[in-house]
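The values are calculated or read from the model by the stated rules, or taken from the named source; none is laboratory data. These figures come from a predicted structure and were not determined experimentally. Cβ placement follows ideal geometry from the backbone for every residue including glycine, while neighbour counts extend to all protein chains displayed.
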Amino acid sequence: MPSYRYLHYDVFTDRALEGNQLAVFPDPRGLSAEDMQRVTREMNFSECTFICPAETAGTHVRMRIFTPGEELPMAGHPTVGSTFALAKEGVITPGQREFVFGLGVGPTPVSLDWKGTEVDFVWMTQKTPAHLGTIADRSAFAESIGLSAGDLGDAPPEVVSSGNPFLITPLRSRDAVDRVEINRAPYVACCAAAGLKELPLFIFTTAGATGAEDVYARMLGPGLGVSEDPATGSASGPLGCYLVRHKAVPADKADSMLSLQGAKMGRPSHVHISIGTRRGEITSVRVGGEAVLAGEGTLYVN
């Protein structure tokens, strides 16, 4: 039976058994896209990555990313975690500062900070934001996620994408963030009434910030086959853009924000966000963090 080695990383953390789990398959030769989907369902992490030979000039590898429900064109914690994995595998050489993934959205660069011969921190560059619509019916929307309209923040629930679209929604308190539960049929109906497809929901608050964190957040994505995600890099870039656009953070914090996600799940994750601006326009979107090797294994696929 064919066997495939994988590396298990915990991403957006410097402590094993926290952060967001990721399985990286460094040599998936022989696996079809259907096989990759089956493998991801078997692993039952929010995502798995499969490292393939480069297909596009200017990229180092082609990486495919799957959730248990579907293939994604890009994602944050898989890109950061796979960078650490490729450094461990020697694909990225010690001291190499730049690396480019070929993703479904096109070439996606990362930059690496090193501590000796070990990767210390990775920044992923994402696309500048696309703002794709809002939800106006606050009462119906709040009810669809188990809240009252009074729990919603002043700024609207808004779809923002830096590669993957998310419904970014501010709430007034950490308690409200922790109480969110999607009632899927009314939620889908709210999205449809606003001319939107069902979207993963990213809820956050800037209230009650403690320590270094500027934001407390959760991501719920039942449509992706992910009931809740401990850390969502592809939503954190849009989150930073949302915060800047709606002036929810001071201007001098735009390039150095920190989001705490996954705490309610018992897997705290720290996602660094850096938004570059010029004359009021967003010019760059970066998301960064650490990762820890939690294990290695072999999966048999028939």
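Okay, residues lined up against (1) farther than 27 Å from Asn183 by Cα; (2) modelled with pLDDT of 95 or more:
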position: Glu213; (1), (2): yes, no
position: Ala231; (1), (2): no, yes
position: Ala235; (1), (2): no, yes
position: Gly240; (1), (2): no, yes
position: Ala248; (1), (2): yes, no
position: Leu260; (1), (2): no, yes
position: Ser269; (1), (2): no, yes
position: Ser274; (1), (2): yes, yes
position: Glu281; (1), (2): yes, no
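Report whether or not Gly195 is outside any helix (DSSP H, G or I) and farther than 22 Å from Asp10 by Cβ. Before you say what the answer is, go through the steps one by one.
Values: outside any helix (DSSP H, G or I): yes; farther than 22 Å from Asp10 by Cβ: yes.
So Gly195 fits the description; yes.
Hey, can you tell me all the residues within region 88-111 that are surrounded by 21 or more Cβ atoms within 10 Å (Cβ to Cβ) and more than 17 Å from Thr232 (Cα to Cα)?
Ile92, Phe99, Phe101, Gly102
For region 1-19, which positions are within 16 Å of Val271 (Cα to Cα) and either among the polar types (S, T, N, Q) or free of Cβ contacts under 8 Å to residues at least 40 places away in the same chain (or both)?
Within region 1-19, just Thr13 meets the criteria.
Inside region 227-254, can you point out the residues that are over 18 Å from the mean Cα position of the chain (by Cα) and either in a strand (DSSP E or B) or charged (D, E, K, R) (or both)?
Step one: of region 227-254, the residues over 18 Å from the mean Cα position of the chain (by Cα) are 244-254.
Once the filter is applied, which keeps residues that are over 18 Å from the mean Cα position of the chain (by Cα) and either in a strand (DSSP E or B) or charged (D, E, K, R) (or both), region 227-254 yields Arg245, Lys247, Asp252, Lys253.
Checking the structure you have, find out if any residue of region 33-50 is buried (at least 20 other Cβ atoms within 10 Å of the Cβ), in contact with a Cys (Cβ under 6 Å, 6 or more places away or on another chain), free of Cβ contacts under 8 Å to residues at least 40 places away in the same chain and in the same structural domain as Lys88 (by TED's automatic domain parsing).
Yes, region 33-50 contains at least one residue that is buried (at least 20 other Cβ atoms within 10 Å of the Cβ), in contact with a Cys (Cβ under 6 Å, 6 or more places away or on another chain), free of Cβ contacts under 8 Å to residues at least 40 places away in the same chain and in the same structural domain as Lys88 (by TED's automatic domain parsing).
Being touching a strand residue (DSSP E or B) at 6+ places or on another chain (Cβ under 7 Å), in the same structural domain as Lys264 (by TED's automatic domain parsing), among the hydrophobic types (A, V, I, L, M, F, W, C) and not in a strand (DSSP E or B) narrows it down to one residue among Ile168, Ile182; which is it?
Ile182
If I filter region 42-65 down to residues being more than 23 Å from Val301 (Cβ to Cβ) and of a type in the set (Ser, Thr, Tyr), which single residue comes out as farthest from the chain's Cα centre (by Cα)? Steps first, please.
Step one: list which residues in region 42-65 are more than 23 Å from Val301 (Cβ to Cβ), which gives 54, 56-60.
Retained after the next criterion (residues that are of a type in the set (Ser, Thr, Tyr)): 56, 59.
Details: Thr56: 24, Thr59: 21 Å.
Going through the qualifying residues, I end up with Thr56.
Mind listing whichever residues of region 143-165 are more than 18 Å from the chain's Cα centre (by Cα) and part of a loop (DSSP other than H, G, I, E, B)? Even if it seems obvious, please write down each step before you answer.
Initial filter on region 143-165 (more than 18 Å from the chain's Cα centre (by Cα)): 143-157.
Answer for region 143-165, where residues must be more than 18 Å from the chain's Cα centre (by Cα) and part of a loop (DSSP other than H, G, I, E, B): Ile145, Gly146, Leu147, Ser148, Gly153, Asp154, Ala155, Pro156, Pro157.
Only one of Gly76, Gly69 is surrounded by 15 or more Cβ atoms within 10 Å (Cβ to Cβ), assigned by TED's automatic domain parsing to the domain that holds Val11, in contact with a Leu (Cβ under 7 Å, 6 or more places away or on another chain) and touching a residue at least 60 places away in the same chain (Cβ under 8 Å); which? Quick ask: steps written out before the conclusion?
Details: Gly76 fails: in contact with a Leu (Cβ under 7 Å, 6 or more places away or on another chain).
Result of the check over Gly76, Gly69: Gly69.
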